Every structure is written in structure tokens, then in C-alpha cells.
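K.L.:
Sending over a structure as C-alpha cells; questions will come in a sec.
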Amino acid sequence: MSKIRLLFFFYFLLSTASVAQVLENYDGLWKSAREESWFGSNNQIELKLNLTAFPQSEFQIKLPAKSTVFIDQKLWQLTTGDTVFYKSVNELKAEFRKDSLDFTVVSPNLAPMNVGIKKLIGRIDGVDTSVISEGVPLLERFVPQSVKDFYFTGLFVIIFFLALYKLAYPYLLAVMLQPLAVISAEDFSESGNLQKFFSFDIIFYLLIVGMMISQTAVTGLVIFKKDWLETWIGLDFSSLLLIWLLGAFAILVLTIFKFIGIRVISYLFDLGKAEFSHFFYLLRLVVFGFALVLLVGAYFVANNFSELGSALTILITGFFWFYIFGVVGLFLIMMNRLSFKKYHLFTYLCIAELVPFLIFSKWIMFLGL
């Protein structure tokens, strides 16, 4: 009987050794980390961790798949699958040198049973204490909701302005967006209607085009220069919206200067009024190209943000060659429609289009696209 009692005693010690004592349960203290936005559900929750009580204890942290964890607004952990791991109170206190920490979880899989934090004495056997965090791209794990809000708000504003433009200038918009005009080159006829550049209808249209280009540029900064953008400007909705609007007006001003430059070069080469046809022919290609970029980008922003960088690289590269072929097409059209020597025409297009475009493309490559 004494041996049996001794066996039961050791069994009791072994069984109780694997049972953790819960000192504090944080499961009911989670709160939303931000207000609900127009697009998407709330995927951020936060709470405050107390590091002063029970300094010898450990936090048991349970996270769902595809979670990004921030402590005091700093990236701390990334997970690929459902994970449970432990972190001692003393380790956190030594790492952050604070008595309390703001703990934020961002994940598309948030649910009451998927995330939890408990302060324990002892550990539960059979729990995987590893966190898979190496080799996981940050953009795949964490997409600020403000970026999605900005993208679709900008897209909505552009479509809204296009609708207003169609109501005010239906004929002019049809001329501007007529795909067959790229082939037929109607703008090069003597009866061309685009002869008043500095009118409100043209400037308004150029502003809409500038908004399209600026939205692509800001999205590229979010993808390829995220750290710089976050440090100097910010990734919140208002900051992205502000830089988008400033970029749109800056592009409008640059577009006006480009037209003035084309007009001066056209005057020096004695091309008559060909600068109007030249400018609006290539502008039509710009609108078609960036419309495709924005629509494809909208799909990846809504469904698979991690692949947007690759898609944007392919789209921008495709637009580069699309524009180059457009300049070649412009050369062939002007060669057939104008009585002008070919080498003079080639020199004109190099000065007016190819050299500035290649310099701009080199600048884009320097930014990381």
C-alpha cells in the first residue's frame, strides 16, 4: 500500500506541475484600436499590459494567423499561422523599460476565441512556443486601413469629377477619350477643335489627369518608400490625401509647362499648330494607361495587397513601353500629315518628348519602381 500511495503522490506532482495558474486574464479588456472606416471591417484591437504586478510571471499570448503585433506603436512580432507563445514580464520590462505597454494586434482573422493574453505562473504543456516571423514581408502582414481608405476615396473622387465633366462637356470628353482617335489621328486634321488650351474645360480635364497620376505615385511611395513616407509625412488617411492633392496640382502645373515647352519648340521648328495635336494625342495615351493602372491596382488593394508591388512594377514598365510606342506612332502620323523633313521631325520629338520622358523614367527607377 505504501508503494501505491507513493506512486499516486508522484503522479499528483507531475500532473499539477503542468497546470499553470492564471494571475491576470486580459481577454475581456480588448478594445478597438480605431474607429470603423467606410471600407472594410475593423481588424485592429488593443489593450494595456501591466508590468508592475507579478514580475516573476509570464504572459501567454495567443494570436491568429496573419497577425502583426505592435507594442507602443513599434512592430514587435509577425505570425504566419495560429500561434501561442510565452514572454516573461521581466523580459518585456527590460526590453521596453516601462511599467505598462500598449499592445496592438492587427489581423484579418480577429475573433473572441482567436486572440488572448493571460499572465501565468507556469506553462501549459503541449503548446507551441515558437513564433514564425522570419522571411515574412511586412506588406503581406500589415496593410494600414488608411491606405485602403485613401485609395478608394481617391478613386471615387476621380470618377465623381469625370461624371461632372461629362455633364458639363459631354462632346469634349468624348473627343478626349475616343480610342479610335489614336489610330485615325483626327486631332491632326485642319478642323481640330482643341485650339484653346488655357480654358477652364481643358484645365479641369488636366487636373483630373493629374489626380490619376498622383494617386499612382502616392501608391508607389506606400509600396516602395514606406519607411520614408511614414517618417516624413505619415501613413494616416489625411496625410495621404494631402500629398495626393498637392501632387495633383503639381502635376497640373508641370503639364502646363510641358505644353508651353512643346509650343515653343514647335514654333522654333515652324510646325504651325501641330503642338495641340501632338500634346492631346499623347495625353490620350496617358489617360488610357493610368486608368488601367488604377483599376488593376484597385483589385490588388482590395484583395491581395502583398502582390500590389509586383503588379505595379509590371504596369509601370508596360506603360513605359506603351508611351514609347505612342511616340513612335506620333512620329509616323506627323511624317504622313506634315510636309516636314524626317530628321527634323525626329529631332523635334526627341527634344519635346523622348529626352524629358527618359529623364522622368530614370527618376522613377531611382525611387524604386
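The values are calculated or read from the model by the stated rules, or taken from the named source; none is laboratory data. Note that the structure is predicted; figures quoted are calculated from it, not measured. Cβ: placed from backbone, ideal geometry, glycine included. Neighbour counts: every protein chain shown.
K.L.:
Just for the range 262-303: of the residues that are assigned to a helix (DSSP H, G or I) and of a type in the set (D, E, K, R), which one is nearest to ALA174 (Cα to Cα)? Step through it out loud before you land on a result.
P.N.:
From the range 262-303, those assigned to a helix (DSSP H, G or I) are 262-268, 274-303; that's our starting set.
Now restrict to residues that are of a type in the set (D, E, K, R): 263, 275, 284.
Numbers: ARG263: 24, GLU275: 20, ARG284: 11 Å.
Residue satisfying both the conditions and the ranking: ARG284.
K.L.:
Quick one: would you say GLU36 is at pLDDT 85 or above and under 26 Å from PHE237 (Cβ atoms)?
P.N.:
Details: at pLDDT 85 or above: no; under 26 Å from PHE237 (Cβ atoms): yes.
It is false that GLU36 is at pLDDT 85 or above and under 26 Å from PHE237 (Cβ atoms).
K.L.:
Condition (residue is within 32 Å of the chain's Cα centre (by Cα), modelled with pLDDT of 85 or more and small (Gly, Ala, Ser)) applied to the range 83-103: is it met by at least one residue?
P.N.:
No: zero hits.
K.L.:
Which one is farthest from ILE158 (Cα to Cα), of the residues in the range 268-316 that are over 11 Å from the mean Cα position of the chain (by Cα) and among the acidic types (Asp, Glu)?
P.N.:
Of everything passing the filter in the range 268-316, ASP270 is farthest from ILE158 (Cα to Cα).
K.L.:
How many residues, within the range 41-71, are surrounded by fewer than 16 Cβ atoms within 10 Å (Cβ to Cβ) and either in contact with a Leu (Cβ under 6 Å, 6 or more places away or on another chain) or over 18 Å from TYR26 (Cα atoms) (or both)?
P.N.:
Pass one, the range 41-71, residues surrounded by fewer than 16 Cβ atoms within 10 Å (Cβ to Cβ): 41-42, 48, 50, 52-56, 65.
Now restrict to residues that are either in contact with a Leu (Cβ under 6 Å, 6 or more places away or on another chain) or over 18 Å from TYR26 (Cα atoms) (or both): 41-42, 54, 65.
Number satisfying all stated conditions: 4.
K.L.:
Does SER306 qualify as being part of a helix (DSSP H, G or I), at pLDDT below 85 and either outside the structural domain of ALA352 (by TED's automatic domain parsing) or buried (at least 16 other Cβ atoms within 10 Å of the Cβ) (or both)? Explain how you work it out, then say what you get.
P.N.:
On the way: part of a helix (DSSP H, G or I): yes; at pLDDT below 85: yes; either outside the structural domain of ALA352 (by TED's automatic domain parsing) or buried (at least 16 other Cβ atoms within 10 Å of the Cβ) (or both): no.
Against the criterion (part of a helix (DSSP H, G or I), at pLDDT below 85 and either outside the structural domain of ALA352 (by TED's automatic domain parsing) or buried (at least 16 other Cβ atoms within 10 Å of the Cβ) (or both)), SER306 does not qualify.
K.L.:
Every residue in the range 215-258 that is buried (at least 18 other Cβ atoms within 10 Å of the Cβ), small (Gly, Ala, Ser) and either assigned to a loop (DSSP other than H, G, I, E, B) or in contact (Cβ under 8 Å) with a residue 40 or more places away in the chain (or both), please.
P.N.:
Result: GLY220, ALA248.
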